[in-house]
Amino acid sequence: MGLTKQYLRYIAAGNLNVIVSPSCNVVFVTLEGQEGRFVAVGACEHVFIWDLRLGEKAQVLSGDKVNVTCLAASPNQRHIAVGYADGTVKTFDLRSGENISVFVGHRSEITTLVYDKQGHRLASGAKDTDIIVWDVVAETGICRLNGHKGVITKLAFMKEHNIIISASKDTFVKFWDLNTEHNFRTLVNHRTEVWSLALAKNDQYLITGCKDNELQVWKIYFTDGATVDFETNLQNLTITNDAEVSDLKYPLKCEKAGSILRSGRGRVVSLEVDTTQTIIGCHGLDNTIELFKLLPDTKVKENVVKRLRKERKKAVKSGDNNEADLSGVPTIKDEIVRLPVVKVSAKAKGLNMIMGKGGELRVCIALNNNSIDLYSLFTQEKDAEIRHLRSITKHGHRTDVRTLCFSSDNLAFATASGDSVKLWNRPTLACIRTVECGYALTATFVPGDRHLIVGLKDGKMLIIDIASGDILEEVPAHAKEIWSITLLPDRKGVVSGGGDQTVKFWNFELIQDPDSEIKAKVLSVLHMRTLTLEDSVLCVRVSPNNRFVAVALLDSTVKIFFLDTFKFFISLYGHKLPVLCMDISSDSTLIATGSADRNIKIWGLDFGDCHKSIFAHDDSVTGLSFVPGTHYIFTCGKDGKVKQWDADIFQKIVTLQGHSGEAWNCAVSSNGIYIISCGSDKVVRMYERTSEPLVLQDEEEEERERQENELATGETTVVPGQKQQSLPSRKTVSSEKGAELLLECLEVSKTYSEQVSKAAALNATSVVPLEMQAYNCTTVEDYLLETVKRIRASDLEETLLLLPYSAACDILKMLPKLLESDHHTELIARLTLCLVQTHHGPITSNQELLHTLETVQTLAIKKVSELKDMVGFNLHGMLHMQRLMEEKEGIQLFKDATKSSKHRNKARRNKEKAVKRAIMSL
C-alpha cells in the first residue's frame with residue numbers, strides 16, 4: 001500500500017527561559033576542582049549546572065521526558081544522583097556529563113536522595129512510601145525498607161554507624177539498622193507530618209521540622225549494651241512516655257533535647273546542614289531563610305559557666321540558696337545560636353549550603369520566580385552581615401510566558417510575560433534583549449523586525465524599539481485588557497481587540513521624535529477605525545486575502561465581518577464555551593477555532609459551515625496556529641500537550657512533548673520549520689521540522705503502545721512454590737527483554753550443542769550460529785556470559801525471576817565451566833546466588849543438580865576468595881610502595897602531605913598576623 005500523504009516529523013530543538021524548576025532542590029557541585037562556584041538544579045527533564053561566577057550554564061545533563069524531582073551530590077561532589085517523577089534514579093559523572101547507572105525500583109515520584117559517607121551507597125525515598133538502598137559501585141539494589149505509611153520526606157545516613165534515619169508524612173521518624181534491614185526505633189511524638197530532618201554536630205543531634213513553627217532537637221547517643229544488667233532491663237520494660245517505640249536492646253538512644261523557634265511562616269519546606277554539620281538552614285512557605293549555628297564544645301562550656309554564674313548571682317539577690325537547681329548540663333540555648341536571617345525576593349523553593357575558607361558560608365537559594373540567589377556570611381565574625389553575592393535572572397522571565405511571536409526572518413522570536421518582554425536568538429537560544437513592562441497578554445513584530453507591539457492587561461499598547469530595548473510609546477488603546485493584536489495582511493498596520501468590546505484598527509506612521517535633538521523619526525500608530533461589538537473580544541484575526549475580519553467573543557461565538565465596510569458576514573456558533581484562540585489558513589479558505597470546551601472546530605470561510613469538530617485536548621485549548629502555506633494546525637492546551645492536526649482529513653498527525661502543567665500559547669515560524677510553545681512550567685520549548693517522514697498508522701500504533709505501556713508478564717512475578725520476594729528493583733520492560741535474551745541464548749546453545757555432538761559422531765565440523773558469531777563467541781558458556789553482561793546490573797534479579805525452572809537448571813549446568821575460566825567471577829557468583837535463592841526448593845530436591853551445585857559451591861568460594869586475596873594483596877602492595885617512596889624521598893604522599901602543608905601555612909599566617917599586631921601597637 002502506497003503512502004497516501006506524507007508528513008515530516010517535528011522534533012525537540014531545545015528548551016529556554018527555564019532557570020530552575022520549583023519542584024526540585026538545588027545542590028552545590030565541584031567542577032574543575034572548584035567548590036562553591038557551581039550549583040546543580042532541576043530544569044524540567046534536564047539538570048542544569050550553573051556557573052554562579054559567570055552567570056552561565058556550565059553543563060546540561062540531559063534527561064528523557066520525565067521531570068527531575070530530586071538531586072543529591074556525592075560526598076566528593078564529582079557525581080550527582082538525579083531522581084525523576086516516574087521513580088527512576090540516574091547517576092551522572094560530572095566530569096564527562098555521562099549517565100553512569102540507572103536504578104529502577106520505585107513506582108512513583110522520587111522525593112529524597114542521599115549518599116552515605118563514602119559515596120558507595122545511595123538511599124532513595126519516594127511517594128510509594130518505600131526506602132531503597134542502592135549499591136552505586138555494583139549498580140544494584142541492596143535492600144528495600146518497608147514500614148512507613150506515608151510519603152518519605154527525608155533520609156539521612158549516620159556517618160560512623162550503619163544506620164539510616166527516615167522521616168515521613170505519617171508523622172514518624174524511623175531508625176533502620178542496615179546490617180539487619182530492621183527498624184529498631186520509631187519516634188512517635190510528632191503530631192503532624194515530618195517534612196524534613198537533618199543530622200548535626202557529628203551525628204550527636206537530630207533536628208526535625210514539622211507543620212508548626214518549631215524545629216525539634218533530639219540528642220542521639222550510644223550506650224554500651226554489654227554493661228546493662230537484667231534489673232535495668234526490667235525497669236526499662238515499662239515505657240513511660242510515648243516519644244518512641246523501640247527495640248530496648250539496641251545501644252542507640254534518642255532523647256528530646258528541646259526545640260528551636262522559627263520566625264518563618266508555614267511548614268518547614270527544606271531543612272539542610274552544611275558539610276561540616278555545624279550550620280543548620282531552614283525555610284518555610286515564605287521568603288525567609290533562617291540559619292542556626294551549633295557551637296564547638298569549648299564555647300558551650302564557656303556559655304554554661306556564664307549561665308551558672310548569672311543564675312547564682314540571681315539566686316543570691318533573691319535570697320534563694322538552693323544550689324541543687326543549678327546543673328552544669330548544657331541546654332539548647334548554650335549550644336545553638338541564631339545567625340542573621342536571609343530575606344529573598346520571592347518564595348524559597350530550595351536551599352543548599354557550603355562552608356568555605358575562613359568560615360565563609362555560602363548559601364544558594366532557588367526561588368519560585370525562576371531565579372537563583374547566592375548569599376555569603378562570615379560565620380566566625382561577631383556581628384556578621386549577610387551579603388548578596390549574585391543572582392541568575394537574565395536567562396528567563398520571573399512569571400509565566402503568556403505570548404510569543406516569530407520575526408519575519410525566523411532568526412529571532414519574542415516572549416512576553418507578566419513582568420517583561422524578552423527577545424531571543426533562535427539559532428543559539430540566547431536572550432538578546434529584556435524590556436521591563438507591565439502584564440503582557442499579546443505581542444507581534446512590526447514589518448522590518450525592528451519594533452515590537454505589545455498589548456498589556458491594563459489596556460495599553462506598547463511600541464518597543466528592539467535595537468535599544470526602549471519603550472518608544474505607550475498608547476492608551478483600550479479601556480480594558482488587550483487580548484489580541486494581529487498584523488494586517490498589507491503590513492501597513494495592526495488590529496487590536498480588547499475587553500472593552502471594541503476592535504480597533506491602527507496604521508503605522510513615522511513621527512518626529514519630540515525628545516531627540518536630531519530630526520530623527522520614530523515609529524508610532526495612528527488610530528483609524530473602531531468596530532464596536534456587544535461582548536468582550538478575546539481574539540481577532542484578519543484573512544490573508546484582506547476580505548474578512550474574524551472576532552471571537554465572550555458569548556462563545558465568532559463573528560465575521562467584511563474588512564472594508566465592517567458589514568456583518570456570518571456568525572460561527574457551536575462552541576459551548578468561549579473561543580480562546582483561532583487562525584485563518586494562508587489561502588483564506590479555512591478558519592480553525594479553539595475553545596475552552598476542549599474542542600477545535602474547522603470551518604469553511606466561504607459559507608461559514610462547520611467541516612469538523614474535533615475533541616482535541618483534555619482541557620481548554622489555549623493556542624492555535626496554521627502552518628503557513630498548508631492546512632496543518634498546531635494546538636496547545638491546558639493539559640500541557642502540543643499537537644499537530646491535518647485540517648483536510650481531520651486527523652491528528654502527532655503529539656509533541658509538551659509541558660508539565662498548562663501550555664499557554666504556541667507560535668509557528670513563517671517558513672513553517674519552527675514551532676515554539678510556552679507553559680506554566682516556565683519553559684519555552686522549540687520544535688524543528690526534520691526531513692524524516694512520518695506515517696500516520698505507525699504513529700497511532702506507537703501512541704497506543706505508549707498508553708497501554710503494560711508489562712507482558714504483569715506487574716509482579718511469583719515463582720511457583722516460593723514466597724514472593726521484596727526486591728529493591730522493580731520489573732521493567734528491559735528486564736522482560738533480558739529474560740527473552742537469556743531464553744533465546746539457551747535455545748541457541750541447546751541447538752548448537754546437539755549439532756556439535758552429531759558432527760563429532762560423523763567426524764565433521766559444525767558451523768557456529770550467527771547469534772554466537774555476533775557476540776564473537778565460540779563456546780556456549782562464553783555466549784551465556786556475554787548475554788548476561790548485556791543485562792543491566794540493577795535488572796538482573798528481576799530478569800532471573802522471570803525465567804522458568806528448566807532454564808535455571810540449564811544455566812546452573814553451565815556455571816562450573818564459567819567459574820573455572822576466571823572471567824567475571826563476581827558476576828557469575830551473583831548469578832548463581834540469585835538462581836539458587838529463587839528456585840531453592842526444587843533445585844535442592846533434584847538429585848541430578850546436587851552434584852553440580854556442590855561443584856559450583858566449592859568453585860565459587862574458591863574463586864571469590866582468590867579475588868579477595870588479589871584485591872588485598874594489591875592494596876597492601878600499594879601501601880608498601882607508598883611507604884618505600886616516602887622513606888626514599890623523605891616526603892609524605894597524598895592526603896597527609898596536603899594536611900601538613902595546610903597546617904604549616906596556617907601557622908605561618910598566624911605568625912605574620914601577630915607580628916603585624918605588634919608593629920601596630922608599637
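The values are calculated or read from the model by the stated rules, or taken from the named source; none is laboratory data. Since this is a predicted model, take the numbers as computed values, not measurements. Don't worry about glycine lacking a Cβ; one is built from the backbone with ideal geometry, like all the others, and counts go over all protein chains shown. With ligands, DNA and RNA removed, areas are computed over all heavy atoms of the protein, side chains included. Shrake-Rupley method; radii C 1.70, N 1.55, O 1.52, S 1.80 Å.
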Exercise. Given the convex hull of the Cα atoms of segment 818-858, what is a quarter of its surface area in nm²?
Worked result: 2.8
Exercise. Using 7 Å Cα-to-Cβ label points, what is the residue 159/residue 214 separation (nm, one decimal)?
Worked result: 2.9
Exercise. Based on the Kirkwood radius over alpha-carbon pairs, what value in µm²/s does the Stokes-Einstein equation return for the translational diffusion coefficient of segment 400-532 at 10 °C and 1.306 mPa s?
Worked result: 106
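Report the charge-dipole magnitude of the chain in Debye, nearest 20, computed about the Cα centre from +1 at each Lys and Arg Cβ and -1 at each Asp and Glu Cβ.
Values: 112 positive and 117 negative charges, 816 e Å.
With Lys and Arg at +1 and Asp and Glu at -1, about 3920 debye.
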Exercise. From the backbone phi of segment 79-92, what are the Karplus-calculated ³J(HN,Hα) couplings (6.51 cos²θ - 1.76 cosθ + 1.60, θ = phi - 60°) in whole Hz, Gly and Pro given as x?
Worked result: 10, 9, 9, 10, x, 10, 5, 9, x, 8, 10, 10, 10, 10
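For segment 400-532, give the percent of accessible area contributed by carbon and sulfur heavy atoms, probe 1.4 Å, rounded to a whole number.
Percent of accessible area from carbon and sulfur atoms in segment 400-532: 49.
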Exercise. Just how far, in whole angstrom, is segment 36-52 from segment 580-651 if you go by their alpha carbon centroids?
Worked result: 38
For this session: Please work out the C-alpha center-to-center distance from segment 427-467 to segment 824-881 and express it in whole Å.
Result: 69
Exercise. Counting only heavy atoms of protein chains, what accessible area per residue, in Å², does segment 535-594 have with a probe of 1.4 Å?
Worked result: 38
Problem set entry | Positive-end residue, segment 400-532 charge dipole about Cα centroid, Cβ charges, pick of 424, 471, 404 | 404
Exercise. Around residue 611, which amide H atoms from residues at least 5 apart in sequence, or from another chain, sit under 5 Å from its own amide H, with H modelled in the peptide plane?
Worked result: 602, 603, 604
Exercise. If you roll a 1.4 Å probe over the heavy atoms of the protein chains, what accessible area per residue do you get for segment 736-869, in Å²?
Worked result: 55
Problem set entry | Interchain or long-range residues, amide H under 5 Å from residue 114's placed H | 123
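At a 1.4 Å probe, what is the % contribution of carbon and sulfur to the accessible area of segment 111-228? Don't jump to the answer; show the numbers that get you there.
Numbers: 2000 of 4270 Å².
Of the solvent-accessible surface of segment 111-228, carbon and sulfur hold 47 percent.
Tally Lys and Arg at +1 and Asp and Glu at -1 over the other residues with C-beta under 13 Å from the C-beta of residue 434: what net charge comes out? Present the calculation step by step, with values, prior to reporting the outcome.
On the way: positive: 394, 398, 422, 433; negative: 419, 436, 470.
Summing Lys/Arg as +1 and Asp/Glu as -1 gives +1.
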Exercise. In segment 736-869, carbon and sulfur make up what percent of the accessible area (probe 1.4 Å)?
Worked result: 55
Exercise. Measuring from the lowest to the highest alpha carbon on each principal axis, how far does segment 736-869 reach, largest first, in angstroms?
Worked result: 41, 34, 30
Problem set entry | Built amide H within the under 5 Å cut-off of residue 276, gap 5+ | 355
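If packing is taken as the average count of other Cβ atoms within 10 Å, what order do 817-824, 607-614 fall into, highest mean first?
Per-residue Cβ counts within 10 Å, averaged per peptide and sorted highest first, yield 817-824, 607-614.
Among 364-375, 842-853, 405-416, how do they line up by average Cβ neighbours within 10 Å per residue, starting with the highest?
Numbers: 364-375: 22.5, 842-853: 13.4, 405-416: 20.3.
Top of the packing list down: 364-375, 405-416, 842-853.
Note down the Stokes-Einstein diffusion coefficient of segment 493-609 in µm²/s, whole number, using a Kirkwood radius over alpha carbon pairs, 20 °C, and 1.002 mPa s.
Details: Rh = 15.4 Å.
Stokes-Einstein gives a translational diffusion coefficient of 140 µm²/s.
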Exercise. In the chain, what is the volume of the convex hull around the alpha carbon atoms, normalised per residue and reported in Å³?
Worked result: 298
For this session: Give me the angle, in degrees from 0 to 90, between the Cα long axis of helix 780-789 and the longest principal axis of the Cα atoms of the chain, rounded to the nearest 10.
Result: 60
Exercise. So what are the ³J(HN,Hα) numbers for segment 617-627, from phi and the Karplus equation (6.51, -1.76, 1.60; θ = phi - 60°), rounded to whole Hz, Gly and Pro as x?
Worked result: 10, 7, 8, 3, 7, 9, x, 8, 8, 7, 7
For this session: Provide the net charge surrounding residue 413, with neighbours chosen by a C-beta distance below 10 Å and charges set as Lys +1, Arg +1, Asp -1, Glu -1.
Result: +2
Exercise. Sorted by mean Cβ packing within 10 Å, highest first, what order do the peptides 525-532, 253-260 take?
Worked result: 253-260, 525-532
Problem set entry | Å² of accessible area per residue within segment 278-387, as computed with a 1.4 Å probe and no ligands counted | 53
